[in-house]
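First the structure, in the form of structure tokens, and then the observations on it.
What follows is calculated from the coordinates using simple rules that are stated; it is not laboratory data. Keep in mind that what you see is a predicted model, and the values were worked out from it rather than measured. Note that each Cβ is placed from the backbone with ideal geometry, even for glycine, and that neighbours are counted across all protein chains shown.
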């Protein structure tokens, strides 16, 4: 197996402040809350990501044989690389749930983090389980965090709460692993479960397609005009193969006009000038794992995640850009949200791929919805769309749709 590029994208889900970012750091050694507003507010707003190579000691067995360090904890030997993964750290707080929903389209497996020092389930814990059920994710490990704060009896009681919470869901048999990330206890057990997850089959023969999760301007403010480099887009290749030198199209692109309820966008045509995993340079990128692509795009468009939500592919090979959608709607059975039908012009937040877009109901009839979008998106038929509604002055996940 090549270790130049990750083969699995592992996301973290769970309630705010349950330890998702701390777990990501324990696995990768990277603190993913690099966005200044996240640091200021002590919460994850942007999607953070980092790579890690999980290694396995050939001389040892069990969870302790797995590490991301240089030495085996048991025998002190040098473990061999086993699998490379990308960790995607999504926000947990409810008002920014759309960001978590958007990131779900590039996730292969989930670490579902539930803190032992609070009752299970908390509100976002419930909603994130709904996301897991909607997406049909099977590669899920439940991480019971902060067990050091409650003692043995408290941890056992909370474990039973988790089991009851998961009963009847798509992951009721998922492993539950208690961890203390600040003391590096049982993190190796989590690594063992990740290392042995099923790697999804990838279609490398299809037209290449990448979801943009982040975008950057890497130039310093004082950079000389002659040294400025093009913008960077980061994301996950979901099918096909990209190569350095490829001419690619980014859709829907950049905003060119704005009307009262809709924005117009123009696609970007550019050339791939380089590709990287963050630590290794790539000549070609295959599906699996998060990568960064260097382009000739004006970095003013890529700074501060300006192109997040776009998709990338060969010119003329992407799905159509649309400003209206027809959906078949599937309502979630939520006891915490009163039954309420949709009306014309109701606003919705839609998670489509890695795009988060506002839509307005133009027609609602039983389970059929016709929507007008605030700005265009690229989306193929049969794409699954997460739907949030503003109920009681809060955005709540109420269901999902399938594009007709």
Springs between alpha-carbon atoms under 10 Å, Gaussian network over the chain: tell me which of 59, 182, 117 tops the mean-square fluctuations. 59
Most mobile listed residue (204, 237, 286) in the chain, GNM with C-alpha springs under 10 Å: 204
Note to self: C-alpha centroids of the range 140-215 and the range 263-331 sit apart, in Å, by 29 Å
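Take the Cβ-Cβ distance between residue 335 and residue 152 as r, set R0 to 41 Å, and report the resulting FRET efficiency rounded to the nearest 0.05.
Details: r = 33 Å, r/R0 = 0.79.
Taking R0 as 41 Å, the efficiency between residue 335 and residue 152 is 0.80.
By per-residue mean of other Cβ atoms within 10 Å, what is the highest-first order of 210-216, 226-232? Can you show the working numbers first?
On the way: 210-216: 23.3, 226-232: 15.4.
Packing proxy ranking, top to bottom: 210-216, 226-232.
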222 nm mean residue ellipticity, helices alone, for the chain (DSSP H n ≥ 4; -39,500 (n - 2.57); rounded to 500): -4500 deg cm²/dmol
